[in-house]
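> First the structure, then my questions, so here it is.
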Amino acid sequence: MELRNLRGLTGVGIVPYDVTGSAPGEHLGLPGTSATLVVDLADGLVLSSGDSPVTTTFRCCIAGIHLRPVTIHHNGVQRGVQLDLSPEAVRALLGMPAGELAGQMVELSQIDTAFARRLHERLAQTPAGERGAVCAAMLAETVSEDTPRSDALSVWEVIARRRGDVTVSELVESSGWSARHLTAMFNAEFGIGPKQAARLTRFETARARLESGRRAVDVAASCGYADQAHMSREFTELTGYSPRALLKRRAEEFA
């Protein structure tokens, strides 16, 4: 992932992709703390949620923070650009809190028709090797410089710095807010509560450490899980896979 700083805005990951000739298959879209914007330049982005057999096809899909996996179905041709957007980036680019998108997958055109059309048309006309840079330039032109900063963002940043290894009680104490006010602010801005945000952040941290080759028992301890079994239960609840099975599936998907 290529992380970008766009006119002072951090938390934007840009991943161009262009795959042809592979066998049809599925990818697992994992829960996480970012919203995801995918500009599909092939035959449409085909998604299903959970165990549902129902699929929906998108051209420019924006998905909010979610707590359950999404399945991406492909016919062997995958071409487009994926953007991972922090909650701050969602506000600056779309003028809305990330909470309004939580748990949803919608066409970007339903939020900003003109921007969705410009983004798709420009990227479709751009050679594959230049799409990342062109996408970054377009986002920089779109970012609002006077977007108000949410009060909840400072607490979100504490969770990120602690890599999810923090309790709601600690967040209440550091913020000076009541637990009720903190939860209300979080749900309004991010669509999830502080406990869920910490849970997702810790999961992302643990997954990255496992993928780097660290031992599961060491990852569980360093991420603040009670033990390895606790970490395994969390992975299964969030993805449907144990840590070992998830790593195996992802390795096969991107082989």
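Coordinate-derived values only; no laboratory data. Note that the coordinates shown come from a computational prediction; the quantities given were computed from them, not determined experimentally. Note: ideal-geometry Cβ built from the backbone for every residue, glycine included; neighbour counts use all protein chains shown.
> Please identify every one of the GluC sites (Glu not before Pro) in the stretch 124-174 that sits in a loop by DSSP and has no more than 11 other beta carbons within 10 Å of its own beta carbon.
Filter output for the stretch 124-174: 145.
> According to the square roots a ≥ b ≥ c of the eigenvalues of the Cα gyration tensor, what is the shape class of the chain, taking rounded for a/c under 1.5, prolate for a/b larger than b/c otherwise, and oblate for the remainder?
Oblate shape, in that a/c is at least 1.5 and b/c is the bigger or equal ratio.
> In whole angstrom, and with the biggest value first, how far do the Cα coordinates of the stretch 175-226 range along each principal axis?
Projected onto the principal axes, the Cα atoms of the stretch 175-226 cover 39, 18, 14 Å.
> Go from 0 up to the bin containing the longest alpha carbon distance in the stretch 128-198, width 10 Å each, and give me the % of pairs per bin.
Bin by bin from 0 Å, the calculated values are 18, 38, 21, 18, 5.
> Pulled fully out, how much extra length does the chain show between residue 138 and residue 122, if you take 0.36 nm times their separation in residues and subtract their Cα-Cα distance?
4.9 nm
> Identify, among 116, 127, 150, the residue whose Cα sits farthest towards the positive end of the charge dipole of the stretch 111-160, taking +1 on the Cβ of Lys and Arg and -1 on the Cβ of Asp and Glu, with the dipole about the Cα centre.
127
> Here's another thing I want to ask about it. Using only the alpha-carbon atoms of the stretch 2-142, report the extent along each of the three principal axes, biggest first, to the nearest angstrom.
Per principal axis, max minus min of the Cα coordinates gives 39, 34, 26 Å.
> Summarise the long-distance tail of P(r) for the stretch 63-187 by giving the % of C-alpha pairs beyond 17 Å.
Tail of P(r) above 17 Å: 68 percent of Cα pairs.
> Is the shape of the stretch 7-69 best called rounded, prolate or oblate, per the rule: a/c under 1.5 gives rounded, else a/b larger than b/c gives prolate, else oblate, with a ≥ b ≥ c the square roots of the Cα gyration tensor eigenvalues?
oblate
> Something else about it: Answer rounded, prolate or oblate for the stretch 152-253, using the Cα gyration tensor with square roots of eigenvalues a ≥ b ≥ c: rounded when a/c is under 1.5, else prolate when a/b is larger than b/c, else oblate.
prolate
> May I ask you to list the trypsin sites (Lys or Arg not before Pro) in the stretch 95-180 that are in a DSSP loop and have at most 10 other Cβ atoms within 10 Å of their Cβ?
Here the sparse-neighbourhood loop sites are 149.
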